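The values are calculated or read from the model by the stated rules, or taken from the named source; none is laboratory data. The model shown is predicted, which means the values in this text are computed figures rather than measured ones. Cβ: placed from backbone, ideal geometry, glycine included. Neighbour counts: every protein chain shown. Each accessible area value is taken on the protein alone, full model and side chains, heavy atoms only, with ligands, DNA and RNA left out. Shrake-Rupley method; radii C 1.70, N 1.55, O 1.52, S 1.80 Å.
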Amino acid sequence: MNETNAPQPTGIAALGLAVPPLAMDVTELAALRGVDPDKYTVGLGCRTMALCPDGFGVVDLAETAARRALESWSGRVEDIGLIAVGTESALDMSRPLSAFVADRLGVRGAVRSYEVKHACYGGTLALRQAVEWRASGAARGRAALVIAADVALYAPEDPGEATQGAGAVAMIVHTPDVASVALDAHAYSEPAFDFWRPVGESFPRVDGKFSLECYQRAAASCFGSWAGERDAREAFEALRAACFHAPFPKMVKKAVDRIGESFEWSAEDTARLYAEKVVPALEWNTAIGNSYTGSLWFAVARALAGAEVGDRLVAFSYGSGFGAELFELTAGPAAARAEWAAPLEAELSARERIDRDRYVALRAG
Ligand code: CAA
């Protein structure tokens, strides 16, 4: 490792993704709840929920994603000087989830280890901190391991039940082999109770409609700041992809509509930009469901897969409470190889599909 404290070129050096071994189609849930399946598939745009079996959880997901990122990275575990886990599936009010993961990976010693909480925005905040840590020179050339990991479950029969999911994305923040991450970022926040989970409660409380409004307001504000004085449509058009935190796909569509309205794009332009720049990146999200902190980063990983050096994309992160941030990433030489895609695709294909009876038993357990 380079021990200089001069700022280093920084970005994502390697990626690792993981999902749990079970999945259920939302049409099974619709049959169980007596709901028209079109509400979930058309109304919300959902397809499949990733689910964890008994005894499998957020630490398993985070560990697997981290091991995959480490395997495809040229550095060593000893070169990591920071491990940060963004999550809203914490196991303890004091002990950070990073300690559970570091224990399994054998990460110890001169390492800053911590958990970041800001609902679905926590993983992005961990990444931003790691990038800024490298840029400040405080990293002295060392790498950060950033993980966004969550198990997203709602109370049975909650309106959010069809949007459940689980997954983890790990990123080695070091040289920008996969993508550089812009230091310039566009944040927006407002204190709100749109989605929250009081201490001691197992499932979130959600003001669903209000949460949609907050998300859309944040998206329009961040994109407005990002476009600045430029022609927003041309700037959007020039991107390889626009990646969004995706609680459910229709939510993203509504946000793009709001962005289009704020820039006074025609309905045709907005629909075309959504189809060309946004939808392709949501492929893994629709197979997984909401993975909270991981959600945006599955979309970013999908969009980076196969990108050419210099391709630019934007990432829009949103966390209830609420806080949001938008920034650019530029593909590096390792994006074209997309080493992270094959293990995830294999895992998605190998998942066991469960039916409604098994789901009921799982939730009862
Ligand atoms: N056929 C086709 N469409 C149908 C239909 C049918 N039979 N029945 C209903 N629909 C449509 C509705 O018209 C509606 O579409 P529009 O919004 O375009 O009008 C859509 O299906 C949903 O219907 P409802 O609004 O009646 O749904 P709901 O109130 O039961 O639940 C929800 C929707 C509130 C978003 C719920 O999914 C929820 O609470 N989700 C959790 C919160 C959430 O994900 N918020 C997103 C932003 S917050 C965030 O980002 C943090 C996070 O990750 C959770």
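Screening residue 95 on (1) in a helix (DSSP H, G or I); (2) surrounded by fewer than 24 Cβ atoms within 10 Å (Cβ to Cβ) shows it passes everything except condition (1).
Listed by first and then second residue, the pairs with beta-carbon distance under 7 Å, at least 6 apart or on different chains, first residue in region 54-77 and over 14 Å from residue 144 (Cβ atoms), second open to solvent by less than 50 Å² (accessible area, probe 1.4 Å) and among the acidic types (Asp, Glu), are 58/150. Restricted to region 202-227, and to residues there that are open to solvent by 40 Å² or more (accessible area, probe 1.4 Å) and of a type in the set (Phe, Trp, Tyr), the residue that is farthest from residue 255 (Cα to Cα) is 203. Just one of the numbered conditions (1) of a type in the set (Lys, Arg); (2) without any contact (Cβ under 8 Å) to a residue 40 or more places away in the chain; (3) surrounded by 19 or more Cβ atoms within 10 Å (Cβ to Cβ) is not true of residue 128: (2).
Considered as a group, the residues in region 132-163 that are of a type in the set (Val, Ile, Thr) and more than 22 Å from residue 73 (Cβ to Cβ) include one that is farthest from the ligand (Cβ to nearest atom), and that residue is 151. Residue 242 meets each of the listed conditions (1) in a helix (DSSP H, G or I); (2) in contact (Cβ under 8 Å) with a residue 60 or more places away in the chain; (3) crowded, with 17+ Cβ neighbours inside 10 Å apart from (1). One residue is enough: does region 289-296 have a residue meeting the conditions under 21 Å from the mean Cα position of the chain (by Cα), over 20 Å from residue 326 (Cα atoms) and at pLDDT 95 or above? There is at least one residue in region 289-296 that is under 21 Å from the mean Cα position of the chain (by Cα), over 20 Å from residue 326 (Cα atoms) and at pLDDT 95 or above.
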